[in-house]
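The values are calculated or read from the model by the stated rules, or taken from the named source; none is laboratory data. Quick caveat, the model's predicted, so the values are computed rather than measured. Glycine also receives a Cβ, built like all others from the backbone with ideal geometry; neighbour counts cover every protein chain displayed. Only protein heavy atoms, including side chains, enter the accessible area calculation; ligands, DNA and RNA are left aside. Shrake-Rupley method; radii C 1.70, N 1.55, O 1.52, S 1.80 Å.
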Amino acid sequence: MSKWQCVVCGLIYDEAQGWPEDGIAAGTQWADVPEDWVCPDCGVGKADFEMIEIA
Amino acid sequence: MSGAPLVIIGSGLAGYNLAREWRKLDSTTPLLIISADDGRSYSKPMLSTGFAKNKQADELVMADVGAMAEQLNAELRTHTRVTRIEPEAKRLWLGNEALVYRDLVLALGADPIQLDIPGDAAEAVFSINDLEDYDRFRQAVAGKQRVLLMGAGLIGCEFANDLTSGGLSVSVVAPCEHVMPGLIQPAAAAAVQQALSDLGVQFHLGPVVSQLKRDGDALCAQLSDGQVINCDAVVSAIGLRPRTQLAADAGLAVARGVVVDRQLQCSLAHVYALGDCAEVDGLNLQYVMPLMNCARALAKTLAGEPTAVSYGAMPVVVKTPACPLVVAPPPAGRAGNWTVEGQAPDLRVLCHDEQGQLLGYNLTGGCTGERMALNKGLPALLA
């Protein structure tokens, strides 16, 4: 399980936690996060920015 | 011979993200970034969540200026203002110092609209529009309790939520019938306002602050409806005006923002604009998502591949955790009928045209999770 960080706002997506508020279950790998998911903090889309693998 | 540099004025999200995107395509052309600020990289949306997270300004910094210079292979000149641009000569001035550019990008941002409030305390009003503002405000309210917030728009509501969550007691004063007028429908506004009220925010919608006076260490605000609010600090969040003066003085076309075409080019060659200062094909959208679309398109253009920017649907996530809200405003000029489903705080407020095409939405509370499905049916803002 790795963590990914939004380069626009610094939000961290932790694969182990998923993002349950948006229906993304714990354990969902970054590659399996829907392409139209948007960053909950800055609103920028997954396809529109880079998440940096941080761990 | 390295040639004249690409010069970017501004080190906010627009300037830095353009630089980052462009460097992926061009690693050799010199890059100079000129900033009136200290050049630290931070994400402006985080200024709306810093009190709840109890973050000092320094903790919101993602990279200092040295790290940015290295990462972008750029020269950075901070605390520096461009005083004049001569587009015909491809030259700009920093006071008495002239610089020649290959191409120039205006990523100037926007200024808080300032009110001239009668009384003896006009300078006690804070605007929070950049990291240094945030730092000053945090220091000013350390140990204080009562904040009067002028403005109930998107940023006003985000601040109201955040400051309250951070332990301050907040009174909102704004001359409108409901929160976020012009952005969301009354039903959604009522849900947000109720949730913020339940959190402890005091709303005074209708009047304006007609006078602000010092009262010992505190402040006394007189409202136009006769009410009096005693407070320790005042924050103004009544909107932003694109910074256009430098462009106008240089003979570039300006309207609400600096006028640019779909390739982000100003009315004279080799000058471009993006972000909060720019009006792209008539649209001045002060949000992160359009800014990122512009950064990617302009990076290609500046790397030799002329590229027009397009905007898909641009839903805006409003950071009011007391009542989460996502807004997709209908495209300009498209009228439709609004319908309200659900029960506050979980509302699905949808706008359809006569053919049944979804034009926009306001989703609150538990309905915000539906945004991804709805986004697929939204029209593009700039196809």
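Figures for the structure shown
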item: Folded to 0 to 90 degrees: helix B:154-165 orientation relative to chain B principal axis, Cα; result: 60
item: DSSP bridge orientation in segment B:114-236 - percent antiparallel, rounded to nearest 5; result: 40
item: For B:Thr80, residues with placed amide H under 5 Å, excluding near neighbours; result: B:Ser35, B:Ala36, B:Asp37
item: Local electrostatic count, B:Pro30, Cβ distance below 11 Å [Lys/Arg +1, Asp/Glu -1]; result: -1
item: For A:Tyr13, residues with placed amide H under 5 Å, excluding near neighbours; result: A:Trp4, A:Gln5, A:Cys6
item: Rounded to whole Hz, the Karplus (6.51, -1.76, 1.60) HN-Hα couplings of segment B:330-343, x for glycine and proline; result: x, x, 4, x, 9, 9, x, 9, 9, 10, 10, 10, x, 10
item: Estimated FRET transfer efficiency when R0 is 35 angstrom, pair A:Asp36-B:Val100 (beta carbons, to 0.05); result: 0.20
item: Whether segment B:248-325 is rounded, prolate or oblate, judged on the alpha carbon gyration tensor where a/c under 1.5 counts as rounded; result: oblate
item: Cα long-axis angle, helix B:186-199 against chain B (0 to 90 degrees, to the nearest 10); result: 70
item: Qualifying trypsin sites (Lys or Arg not before Pro) for segment B:17-54 [loop in DSSP, other Cβ within 10 Å: at most 16]; result: B:Lys24, B:Lys53
item: Whole-number percent relative contact order across segment B:324-375, with pairs defined as alpha carbons under 8 Å at least 6 apart; result: 40
item: Solvent exposure, largest accessible area first (probe 1.4 Å, DNA, RNA and ligands not counted), of B:His270, B:His178; result: B:His270, B:His178
item: Segment B:261-276 - phi-based ³J(HN,Hα) in whole Hz, Karplus 6.51/-1.76/1.60, Gly and Pro as x; result: 8, 5, 8, 6, 8, 6, 6, 10, 5, 6, 10, 10, 8, 8, x, 5
item: Protein accessible surface hidden between A and B, which excludes ligands and nucleic acids, total in Å², probe 1.4 Å; result: 1600
item: Relative contact order (%) - segment B:225-293, alpha-carbon pairs under 8 angstrom, separation at least six; result: 22
item: Whole-Hz ³J(HN,Hα) from phi, Karplus 6.51 cos²θ - 1.76 cosθ + 1.60, for segment A:13-22, glycine and proline x; result: 9, 9, 4, 5, 8, x, 9, x, 4, 9
item: Whole-number percent relative contact order across chain B, with pairs defined as alpha carbons under 8 Å at least 6 apart; result: 16
item: MRE, 222 nm, helices only [DSSP H, n ≥ 4, -39500 (n - 2.57), over the protein assembly as shown, to nearest 500]; result: -5500 deg cm²/dmol
item: Heavy-atom accessible area ranking, 1.4 Å probe, most first, across B:Val209, B:Val259, B:Val179; result: B:Val259, B:Val209, B:Val179
item: Angle in degrees between helix B:131-141 and the longest Cα principal axis of chain B, rounded to the nearest 10; result: 30
item: Candidate lysines - alpha carbon under 22 Å from A:Lys46, same-chain residues fewer than 8 apart omitted; result: A:Lys3, B:Lys24, B:Lys44, B:Lys300, B:Lys319, B:Lys376
item: Net charge of neighbours whose Cβ lies under 13 Å from the Cβ of B:Gly15, counting Lys and Arg as +1 and Asp and Glu as -1; result: +2
item: Three-way shape call for segment B:131-172 based on the alpha-carbon gyration tensor, with the a/c threshold at 1.5; result: oblate
item: Charge dipole (debye, nearest 20) of segment B:60-176; +1 at Cβ of Lys and Arg, -1 at Cβ of Asp and Glu; result: 40
item: Amide H within-cut-off set for B:Ala52, under 5 Å, with H built and near neighbours excluded; result: B:Gly166
item: Sequence of B:Phe126, B:Phe137, B:Phe51 from largest to smallest accessible area, 1.4 Å probe; result: B:Phe126, B:Phe51, B:Phe137
